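J.: Just passing along the structure, written as structure tokens.
Every number here is computed from the coordinates shown, using simple stated rules; none is lab data. Since we're looking at a predicted model, the values are computed, not measured. No Cβ is skipped: glycine too gets one built from the backbone with ideal geometry, and neighbour counts run over all protein chains shown.
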Amino acid sequence: MRVVIAEDSALLREGLAALLTDAGHQVVAKLPDATALSAVVHEHEPDLVLLDVRMPPTFRDEGLHAALALRQRGVSVLVLSQHVETTHAVDLVATGAGFGYLLKDRVLDVDGFLEAAMRVASGGSALDPDVVTALVTEGRREDPLDVLTERERQVLELMAEGLTNGGISRRLWCSERTVESHVRTILTKLDLPANVDEHRRVLAVVTYLRARATTPTDQPLRGR
């Protein structure tokens, strides 16, 4: 896996590079900000770009804007953040598979972090549970997910975290065939257009995140 890292903290930047290199991956470029990121990606054509949300010069959301631009070019991106930043998160998920958003603390789980990075580079997704929870707790009255059962909501929430059917089955202690059945039912109930299964799965996650991002904070998520 060829990786470009954009992170203003030299310590974290070098630490990430060391983790990836030790795991047998190739870090083709390391950048302290997003200024030259587009050109570097064009030059090296990496399998994955790791970038921080807040970088110079304003330390606000430069990384998220850079991530959106890269996703529009079909580049796989894994965003890292010190704190949960929900701005643009749903828009990024809507760009499809090949996107991940993890809190920096997750890097301490080296195996989990590397597995998430490889999953995103391979066209999968990885959303930090805390990011999903933050989106769940932001505001609206109508809930398009009312058509789902409690179990189906649990499955959809785990889909939003980027888990495969096998991963969901292990988390919920049920068979993979049962999960496959739930996923088919979810796609049908959400009235998603018949298309490539992976694309419908992404659309289901986007529907979930948009719905939960507009649900009142005093309304608990069923099935949790």
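J.: Using unit Cβ charges (K, R positive; D, E negative) and no other charged atoms, how large, in debye to the nearest 20, is the dipole of the chain about its Cα centre?
T.: Dipole of the chain, to the nearest 20 debye: 560 debye.
J.: Quickly estimate the mean residue ellipticity at 222 nm for the chain, helices only: each DSSP H run with n ≥ 4 gives -39500 (n - 2.57), and the total goes over all residues, rounded to 500.
T.: Estimated from H runs of four or more residues: -14000 deg cm²/dmol.
J.: Give me the one-decimal Kirkwood hydrodynamic radius in Å for region 2-128, with the sum taken over alpha-carbon pairs.
T.: This gives a value of 14.0 Å.
J.: Taking the chain as the reference, fit the longest principal axis to its C-alpha atoms, fit the long axis of helix 110-121 to the helix C-alpha atoms, and give the angle between the two in degrees, 0 to 90, nearest 10.
T.: Helix 110-121 sits roughly 80 degrees off the main axis of the chain.
J.: I need to check one value: relative contact order of region 1-103, counting alpha carbon pairs closer than 8 Å and at least 6 residues apart, in percent.
T.: On the way: 170 pairs, mean separation 24.9, N = 103.
Relative contact order comes out at 24 percent.
J.: Separate question: Provide the FRET efficiency to the nearest 0.05 for the Asp191-Glu115 pair, computing r from the beta carbons and using R0 = 35 Å.
T.: 0.60
J.: Could I ask something else about it? Could you tell me whether the chain comes out rounded, prolate or oblate from its Cα gyration tensor? Rule is a ≥ b ≥ c as square roots of the eigenvalues, rounded for a/c under 1.5, then prolate if a/b exceeds b/c, otherwise oblate.
T.: On the way: a/c = 1.95, a/b = 1.64, b/c = 1.19.
The shape class here is prolate.
J.: Hey, another quick one. Relative to the longest principal Cα axis of the chain, at what angle does helix 197-212 sit, 0 to 90 degrees, rounded to 10?
T.: It is inclined by approximately 80 degrees.
J.: A further question on this structure: What spacing in nm lies between the two simple spin-label points modelled at Asp146 and Arg73, each 7 Å away from Cα in the Cβ direction?
T.: So the two model labels end up 4.5 nm from each other.
J.: Related question: Please compute the length gained on full extension between Arg106 and Thr58, using 0.36 nm multiplied by the number of residues separating them and subtracting their Cα-Cα distance. Write out the running numbers ahead of the final one.
T.: On the way: separation 48, 0.36 × 48 = 17.28 nm, distance 2.47 nm.
Fully extending the segment from Arg106 to Thr58 adds 14.8 nm.
J.: Same structure, new question: Remind me, relative contact order of the chain in percent, using alpha carbon pairs under 8 angstrom and six or more residues apart?
T.: With pairs under 8 Å counted, the relative contact order is 17 percent.
J.: Which FRET efficiency value, to the nearest 0.05, do you get for Leu172 and Val28 by plugging their Cβ-Cβ distance into 1/(1 + (r/R0)^6) with R0 = 45 Å?
T.: So the FRET efficiency works out to roughly 0.70.
J.: Over the Cα atoms of region 30-93, what radius of gyration and what Dmax do you get, in Å?
T.: Looking at region 30-93, its Cα Rg and Dmax stand at 11.0, 31 Å.
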